[in-house]
Amino acid sequence: MTFHSRKLLLSAALFIGLASTASAEDVKFRYLASQGGLSAHELAAELGYFDGTGITIENVGYATGGPASLIALASGDVELGSAATAAVLNSIVGGNDFVAAYPSNGINKEVESIFYVLEDSPIKDIKDIAGKSIAVNTLGAHLDYTIREALHSVGLPTDAANQIVVPGPQLEQVLRSGQVDISAFGYWQTTFEGAARKAGGLRAIFGDTQVLGEIAGGFVVLRRDFIKAHPEAAKTFVEQSARALDYAREHPEETRKIFAKALEERGENPEIAQYFRGYGVRAGGLPVERDLQFWIDVLVREGKLKEGQLVAKDVLYTPDTATN
């Protein structure tokens, strides 16, 4: 009798599981990819974490940078964006009802943005970057604000350096050819940075952890109305993406292989995957309020926000975001 009861219980559990999978809402998350990069939700899809959930993700092109990704999100051309924290907050201040879903990347001693010069450059430290040209992938995002904060940290005007927009794949080239004084390789561009470093002849002058400490560098962002319309899909998307962040930290070699395969399928150079150093996020892939509050305080200092106008906990995703 016990044997038959267990069979019935197992059959019921299997039926419920199948029914749950079958009734899962089909939701597509369109997004813009980053050249030379693989987001955690892309890794989650490669690992099969969305299988049976009703969730599919679709790459509809490339973003030139985080702000472009947020513009596409605001216009409804995509369902998720990805940008530096400061850019996300600026977009919210500008009127977009966005929610910071999960940290896209973090910065720590292993993974950070690094500012490089040629080996024989007279530029030695942060105070020397004033008046110099710095190649960044886009304006108004992480590198832009890191440069401003670096200059502020040594008592210089935050606009003392000249930032020039250069696509990630060309950062090394413009530095070696002397078109810029400094190239800034973002924490999400460890693949390009690793290849440039291996070629030699470059010297790092500072990294963003020196200026910001350990912090989330950016966030994957969802619209609040989308979360309200698809609460279960949003919850699953965030959970499985965070799960992929943990996988990358625990299985770096396997992740690099997946990375290489994905880049090759996108027509990019798979060789640079060997330089991927991870996402730099905390265990569990979840943010803390400082990840946002640091930049909120900067925006208050710069006069772009009033004290108390924006609160970190109101921007961070939680499973009950749909009811807020």
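The values are calculated or read from the model by the stated rules, or taken from the named source; none is laboratory data. What you are looking at is a predicted structure, and each value in this text was computed from that prediction instead of being measured. For neighbour counting, all protein chains shown are included, and Cβ atoms are generated from backbone atoms with ideal geometry for every residue, glycine included. The protein model used for the area step is the full one, side chains on, heavy atoms only, and it has no ligands, DNA or RNA in it. Shrake-Rupley method; radii C 1.70, N 1.55, O 1.52, S 1.80 Å.
How many residues are of a type in the set (Val, Ile, Thr) and under 15 Å from the mean Cα position of the chain (by Cα) if we restrict to segment 198-234?
Residues in segment 198-234 being of a type in the set (Val, Ile, Thr) and under 15 Å from the mean Cα position of the chain (by Cα): 3 in total.
Please go through segment 25-39 and give me each residue that is modelled with pLDDT of 95 or more and open to solvent by less than 10 Å² (accessible area, probe 1.4 Å), ordered by number.
Matches in segment 25-39: 27, 29.
Quick one: residue 273 ticks every box in (1) closer than 18 Å to residue 37 by Cα; (2) in a helix (DSSP H, G or I); (3) modelled with pLDDT of 95 or more; (4) open to solvent by less than 70 Å² (accessible area, probe 1.4 Å) except a single one, so which number is it?
(3)
Given the residues 118, 139, which is the only one that is open to solvent by 20 Å² or more (accessible area, probe 1.4 Å), closer than 22 Å to residue 192 by Cα and in contact with a Lys or Arg (Cβ under 8 Å, 6 or more places away or on another chain)?
118
Take the residues of segment 307-324 that are touching a helix residue (DSSP H, G or I) at 6+ places or on another chain (Cβ under 7 Å) and more than 13 Å from residue 102 (Cβ to Cβ): which is least open to solvent (accessible area, probe 1.4 Å)? Can you show your working first?
Taking segment 307-324 first, the residues touching a helix residue (DSSP H, G or I) at 6+ places or on another chain (Cβ under 7 Å) are 307, 310, 312, 315-317, 319, 321-322.
Checking which are more than 13 Å from residue 102 (Cβ to Cβ) leaves us with 307, 310, 312, 322.
Numbers: 307: 154, 310: 31, 312: 0, 322: 26 Å².
That would be 312.
Please note which strands (runs of 3 or more DSSP E) are completely contained in segment 72-166 and include at least 3 residues that are touching a Pro at 6+ places or on another chain (Cβ under 8 Å).
Qualifying strands (runs of 3 or more DSSP E): 98-107.
Considering only residues of segment 206-235 that are closer than 16 Å to residue 103 by Cα and among the basic types (Lys, Arg), which is surrounded by the most Cβ atoms within 10 Å (Cβ to Cβ)?
If we take residues in segment 206-235 being closer than 16 Å to residue 103 by Cα and among the basic types (Lys, Arg), then 223 is surrounded by the most Cβ atoms within 10 Å (Cβ to Cβ).
Kindly list, by first and then second residue, each pair from a residue in segment 306-317 that is outside any loop (DSSP other than H, G, I, E, B) to a residue that is at pLDDT 90 or above and hydrophobic (A, V, I, L, M, F, W, C), limited to pairs with Cβ atoms under 6 Å and residues at least 6 apart or on different chains.
312/292; 315/100; 315/292; 316/100
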